[in-house]
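The values are calculated or read from the model by the stated rules, or taken from the named source; none is laboratory data. Quantities reported herein were computed from a predicted structural model and do not represent experimental measurements. We place every Cβ from the backbone using ideal geometry, glycine too, and count neighbours over all the protein chains shown. The area values use the complete protein model at the heavy-atom level, side chains included, leaving out ligands, DNA and RNA. Shrake-Rupley method; radii C 1.70, N 1.55, O 1.52, S 1.80 Å.
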Amino acid sequence: MSNQVYQNILDKKTKQQKAFAVLIDPDKLDVVNLQKTIDLAVQFKIDFIFVGGSLVVTDTLDQVVAQIKKACSIPVVLFPGSPDQITPKADALLYLSLISGRNPELLIGQHVISAPFVKQSGLEIIPVGYMLIDGGSPTTVSYISNTNPIPANKNDIAACTAMAGEMLGLKVIYMDAGSGAKNAIPSSMIQQVAKHVKAPIIVGGGITTPEKAIENCKAGADIIVIGNAIEKDPALIQKIADAIHSLN
Ligand code: 1GP
C-alpha cells in the first residue's frame, strides 16, 4: 500500500499550497457530462478528484472511477458514504470516522465489518476525522448518518473534536457542512480548528463562489471540496481553481 496521496497532501501543506478537489457523485453525471468535468479538471489543473456521496443509488462507481483514471492522472480519492462505495480502481480511500457524531456504527462499527474487504482492496487508506457542521438546513448526510452536526457557532466544540481526532491518530480533518448546505462553514470556525491541529484540513459543503473558497483557505483550509455547485455550473471549475491556486 503506498502513501502517495497523503504524502502529496502533506507536501502541499508544508509548502503552504492550497488545493482544490472536485467532488463527483457517481449518481449525478452521465458518461458525457463526466467527461466534460474531467476535461475541465485537467485543463485547470485540479489537484484531486473525490468520488462518492452520502446516498449512492446506482452501481456506476466502478465505471465512473475507471473513466476518470483512463482520462487523466489526477489522483482519484474515494469519499464513501458507506462501505460498499469502494473500488480498487481508485488511488486512495478517505477512511472516515464521523467524530462529530455519537453513532458508534460510523465511528467504528462499519469499519470493523468492512476491514478485510478494505484491506484487500490494496487502496491507500487515509484515516480521516470527519466532522459535520450545521449548514443551516438538514442535509442528506446528517439524516443518513443519524447524527447531529456541530452547531455552526460552536468553534470551541469543533476545535476540541478535531484535537481529539488528531490525538487518536486520524491524519486528516474533514470539516463538512454537507453537500448542498445552505451555509458554508464559517471561516472563524476553520481558523479555530487550524489553530489547534497540525493535520491537513479539508473543507466542503455549500461552497459556491471563488471568494468563499479564498476566505476558507486563508482561514486555514488546505483542500477545498466542491460538488454541487460544479454539477450546476461546470464553468465554475476554472473560477474556483484560479482563485485557490492564485494563493500559491
Ligand atoms: C460534501 O463537502 C462536500 O460532502 C461538498 O459539498 O456538494 O455542497 O459542494 P457541496
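Worth a mention:
- Cβ pairs under 8 Å, 6+ apart, first in the range 137-158 and closer than 17 Å to Lys195 by Cα and without any contact (Cβ under 8 Å) to a residue 24 or more places away in the chain, second of a type outside the set (Asp, Glu) and surrounded by fewer than 16 Cβ atoms within 10 Å (Cβ to Cβ): Ile157/Pro151
- Criterion applied to Met167, Met189 was being surrounded by fewer than 22 Cβ atoms within 10 Å (Cβ to Cβ) and of a type outside the set (Phe, Trp, Tyr), and the one residue passing it is Met167.
- Selection within the range 108-137 - exposed (fewer than 13 other Cβ atoms within 10 Å of the Cβ) and either in contact with a Gly (Cβ under 9 Å, 6 or more places away or on another chain) or assigned to a loop (DSSP other than H, G, I, E, B) (or both): Gly122
- Residues (within 13 Å of the ligand (Cβ to nearest atom), under 18 Å from Lys12 (Cα atoms) and of a type in the set (S, T, N, Q)) located in the range 210-248: Asn216
- Every residue from the range 60-106 that is surrounded by 15 or more Cβ atoms within 10 Å (Cβ to Cβ), among the charged types (D, E, K, R) and part of a loop (DSSP other than H, G, I, E, B): Lys89, Asp91
- So Thr37, is it in a loop (DSSP other than H, G, I, E, B), polar (S, T, N, Q) and open to solvent by less than 40 Å² (accessible area, probe 1.4 Å): no
- Residue match in the range 106-121 (condition: within 25 Å of Pro88 (Cβ to Cβ), under 15 Å from the mean Cα position of the chain (by Cα) and at pLDDT 95 or above): no
- Positions within the range 17-52 being on the phi > 0 side of the Ramachandran plot and touching a residue at least 60 places away in the same chain (Cβ under 8 Å), in sequence order: Lys45
- Where helices (runs of 4 or more DSSP H) fall entirely within the range 172-248, those with at least 2 residues that are β-branched (Val, Ile, Thr) are at 187-196, 236-245.
- Count of residues meeting criterion [closer than 25 Å to Ile125 by Cβ and either basic (Lys, Arg) or more than 15 Å from the ligand (Cβ to nearest atom) (or both)] in the range 164-192: 8
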